[in-house]
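Beneath this line is the structure, given in C-alpha cells, with notes to follow.
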Amino acid sequence: MGLRRDSPKASPRKKKTMTLKYLFDLDSPRNGGSKLSRTNSSSRKECQDSESEEIFTLVSHCSFIYTFTDPQESPSQQDLKRLKLIQLHSIIKCSKTAFHREVLSSLFSMLSANLFRPLPPSNSSVSCVLPDDEELVDTPSAAWSHLQIVFDILQLLLMNTDPKELRQYIDQSFLLNLLSLFRSDDSRERESLKNVYHQIYSKFTCHRSFMRKAMNDVFLHYIFETDQRHCGIGDLLEIWGSIINGFAVPLKEEHKLFLMRVLIPLHKPKGMQAYHRQLAYCVSQFVQKEPVIGGNVVRGILRYWPVTNCQKEVLLIGELEDLVDNMDPEQYQSIALPLCTQITKCLNSWNSQVAERALYVWNNEQFVKMASRAMERVFPVVVEGMEKNLKYHWSKSVKELTENVKEMLQGLEPSLYVKCLSQLELQESTALNKEMRRKEMWERVELAANRNQCVEQLRCICVSN
C-alpha cells in the first residue's frame, strides 16, 4: 500500500550551520582546541630555544679572531670559522621570529670583536696624486673571507630587526668605531661599511644628527690636522651625496654652514683628486637646490686654487664650468671678473692640458653669457691673456685654440675688442718706456760709480807718493 496523502512526510536530517558560535565551540576546552594551540606554542618555543642554543654555540666559535698574519694560526681552523660564520648567516637569514635580547647581545658582541680591530699601517703616508690612485694603492685585507660574512650578518640584522630592539647595541660608540674603519685600504670593506652606515642612517632617525657631525669631524681632521692619505673620504662623501639629495628647500642654515666650512675646504688637500668626483657631486647638489648660493661657492673654490698642481687645476676648471650652468644668473655679474681672471691665468699656463681645458670653457654658452654680464671689466683681462698666448706660448695646439677663441670674442664685441687691443698696446709701450728709463738711470748710476772709483784711486796714488 502506498502512503496516504494526509499522512506526515519523513522529516529530513537536521543540518548543522557553520556559525561563529559553532567555531568557538570547536576551540573550547571540551573540544580540545586549547590543547592543540598549547601544543603548537610549546613546539614553537622548543624550536626557538634550540635555534638560540645553536646560535650561542656558533657565536662562541666565531668570536675567536684570526689575524691571518700569525704563522702559528691553523688554516684549517680559519676555514672552520668561515664555515661557522656561513652557518650562522644562514640561520639568521631563514629565521622567521625576532631574536631575544640575549641572542642579539651575543651577536653584536661577536660582530664588534670581528669588525673593530686595529688597522694595519697604510702603504703610503703621502696623499694620492692621480684621480685613479685609490685603485692603484688598494690593499686587499687578508681577513676579508671572514669580514665579508660578518658584514652580511650585520646587514641582515639591520634589515630584519626592529630598530627599537637594536638601539641599545647601535649607539654612538658603535657608530664611531664604524667610522674609524673607513681608513681601511681594502675597497671591499669600505663598500660594505658605506652600505651599513647608510642603512643605519636611514633607519635610526635618532642618530642622524650625531652621524652627520661625526662625519664632519673626520673631514675637518683630514683637512686641517693631517697630511696623511685617508681612503674613505670619497665613500663618506657618497653617503653625504644621498643625504644632501633628501634635503628640503629652502636649505637650513646648518646645511649651508656644512657646505662653506667643510665641503669647500675639502678642495684644499693635495689628495683631492682621489675624491673629487664625489665632492663635486655634493657641491653641485647644493647649488641645484638653491642656485643663489652659487656665487659664494665659486668664490670659495677660487680661494683654494692650487699653485703648482696642474691635475687639480684641470678638475677644478671642469667643476666651475658645471657650477656656472646650475647657478642663478643674477650671480653672474658678481663672479664674472674673478672667475674670468682665474680662467685667463689657466689659459696662460705653460702646462698644455691646463691651457687647453681653460680655452675649451669658452665653448660653453652659459660661461660666455656669464662673461657678457660684465664685458667692460672682463674683456681687458681676457684680451691680454689671448695676445700673450699668441705671442709667447710654446704649444701649437694652444695657439690654434687661442686663435679660435679670439675670433669668437671679436665676433661678440668687435669695437670693444679693438679698444682693448689699443689699450694693451698703450700699456706695453708705456711699460717699455718705463723699462728704458730704468735702464738709463742704472747706466748713469754705474757711470757715476766708475768715476768715483777712479777719483778714489787717484787720491790713493797721491797719498802714497
Give me the net charge of T402's neighbourhood, meaning all other residues with Cβ under 15 Å from the Cβ of T402; Lys, Arg count +1, Asp, Glu -1. +1
Checking understanding here: applying a Kyte-Doolittle mean of at least -0.5 and a length along the axis of at least 15 Å (C-alpha), which whole DSSP H helices in the chain pass? 75-94, 101-115, 144-160, 208-224, 233-245, 276-289, 310-326, 332-347, 375-392, 414-464
For a quick size check, give me the Cα extents of the chain along its three principal axes, largest first, whole Å. 174, 77, 39
Going by the alpha-carbon gyration tensor, a ≥ b ≥ c the square roots of its eigenvalues, is the stretch 365-431 rounded (a/c under 1.5) or, if a/c is not under 1.5, prolate (a/b greater than b/c) versus oblate? oblate
Would you please state the base-10 log of I(q)/I(0) at q = 0.17 1/Å for the stretch 312-465, with intensities from the Debye formula using one equal scatterer on every alpha carbon? -0.98
Using Cα pairs under 8 angstrom and six or more residues apart, how large is the relative contact order of the stretch 170-289, in percent? 28 percent
Among the aspartates and glutamates, select those whose C-alpha is under 18 Å from the C-alpha of K81, and discard any that sit fewer than 8 residues away in the same chain. E53, E54, D70, E73, D152
Work out the FRET efficiency for K270 and S395 from their Cβ-Cβ distance, taking R0 = 25 Å, and round it to the nearest 0.05. 0.45
Alpha-carbon Debye profile of the stretch 353-404, log10 I(q)/I(0) at 0.18, 0.24, 0.29 Å⁻¹: -0.60, -0.98, -1.19
Which whole-number value in Å³ per residue fits the convex hull of the alpha carbons of the stretch 73-114? 66 Å³
Kindly flag which residue pairs out of K96/K194; K270/K391; K203/K252; K396/K419; K345/K391 have an alpha-carbon separation exceeding 24 Å in this structure. K96/K194; K270/K391; K396/K419
Inverse of <1/r> over all distinct C-alpha pairs of the stretch 170-289, i.e. the Kirkwood Rh in Å, gives 14.6 Å
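Return the FRET efficiency for the residue pair T226, I461: r is the Cβ-Cβ distance, R0 is 56 Å, and the value is rounded to the nearest 0.05.
Step by step, r from the Cβ atoms, then E = 0.20.
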Relative to the Cα centre, what is the charge dipole magnitude of the chain, using +1 at the beta carbon of each Lys and Arg, -1 at the beta carbon of each Asp and Glu, and rounding to the nearest 20 debye? 2640 debye
Provide the gained length on full extension for the span F116 to R444, in nm with one decimal, where the gain is 0.36 nm per separating residue minus the Cα-Cα distance. 110.4 nm
Which order, highest average first, do 343-354, 402-413 follow once you tally other Cβ atoms within 10 Å for each residue and take the mean per peptide? 343-354, 402-413
Only helices counted: for the chain, with every DSSP H run of 4 or more residues adding -39500 (n - 2.57) and the sum spread over all residues, [θ] at 222 nm is -22500 deg cm²/dmol
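Only the coordinates and a few stated rules stand behind these numbers; no lab work does. All values reported here derive from a predicted model rather than from experimental measurement. Reconstructed Cβ throughout: ideal geometry from the backbone, glycine too, with neighbour counts over all protein chains shown.
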